[in-house]
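The values are calculated or read from the model by the stated rules, or taken from the named source; none is laboratory data. Not measured: the values here are computed from a predicted model. Please note: Cβ atoms are built from the backbone with ideal geometry, for glycine as well, and neighbour counts cover all protein chains shown. In case anyone asks, the SASA skips ligands and DNA or RNA and just uses the protein heavy atoms, side chains included. Shrake-Rupley method; radii C 1.70, N 1.55, O 1.52, S 1.80 Å.
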Amino acid sequence: VTAGQILWVNTVTSVTLALSLAFEPAEPGVMRHPPRRPDEPVITRALGLRILFVIALMVMATFWVFHWELGRGASLETARTAAVNTIVFCELFYLFNVRHFTRHALRADTLTGNRVALLVAAILVVLQLLFTYASPMQRLFASQPLPGDSWAMILTMGAILFALVELEKALLRRTRARRL
């Protein structure tokens, strides 16, 4: 992806996704957890592993979609557009994973507990559609319109990321981890 496209991703995801987490209600029972030890690092080993795991999944998904597009004869600009959308939609899917560090996200409160997250998700989707289909954005970012099967692949990659993080969280629950 180009430098301008990277700036686009950083801008739209940091403004939207990070903002939604500011309105996230505390998990039930959070005050019953003992406090962190004063010498415990902010990024624990478990959290560091989660970060690396999610980064690896997003990188693999992005490269997969990029090479899949090129392999089927798409232009470099189309492959880049698909890659940018893969990054953004993987981050959007992960927003719903990360709302609970170890509890599973397939709960009603994941969708109803933070209405700001739903609003932000809708805004992010609109912004990505503008990035992909609006002529001024196409000229500015060298993006191209994507066909339906590209979107299906992008959303599949997001769903796979979501499922794999949920699997990792299930393993954490089996080890009785309560927080990262």
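Before moving on, here are some points about what is shown:
- One entry in (i) 115; (ii) 126; (iii) 178 is volume of the Cα convex hull per residue in Å³ calculated from the shown coordinates; its label is (ii).
- Debye log10 I(q)/I(0) at q = 0.11, 0.13 Å⁻¹ for segment 1-91, Cα point scatterers: -0.49, -0.64
- Net +/- balance of residues flanking A74 in space, Cβ distance below 15 Å, scoring K and R +1, D and E -1: -1
- Accessible area of the chain belonging to carbon and sulfur atoms, whole % at 1.4 Å probe: 71 percent
- Euclidean distance between Cα centres, segment 78-121 to segment 123-164, Å: 14 Å
- Were the residues from R176 through A22 laid out at 0.36 nm apart, the gain over their Cα-Cα distance would be 52.8 nm.
- Separation in nanometres of the label points that stand 7 Å from Cα toward Cβ, at I43 and V116: 2.4 nm
- A simple count of charges around P25, restricted to other residues whose Cβ falls under 15 Å of its Cβ and scoring Lys, Arg +1 and Asp, Glu -1, yields +1.
- 3J(HN,Hα) along segment 75-90, derived from phi through the Karplus expression 6.51 cos²θ - 1.76 cosθ + 1.60 where θ = phi - 60°, amounts to 6, 4, 5, 5, 4, 5, 4, 5, 5, 4, 5, 5, 4, 5, 6, 5 Hz, with x in place of Gly and Pro.
- Per residue, the accessible area of the chain comes to 56 Å², computed with a 1.4 Å probe over protein heavy atoms only.
- Working from Cα pairs under 8 Å separated by at least six residues, relative contact order for the chain is 34 percent.
- Taking the average, over residues, of other Cβ atoms within 10 Å as the packing measure, peptides 77-89, 114-126 rank 77-89, 114-126 from highest down.
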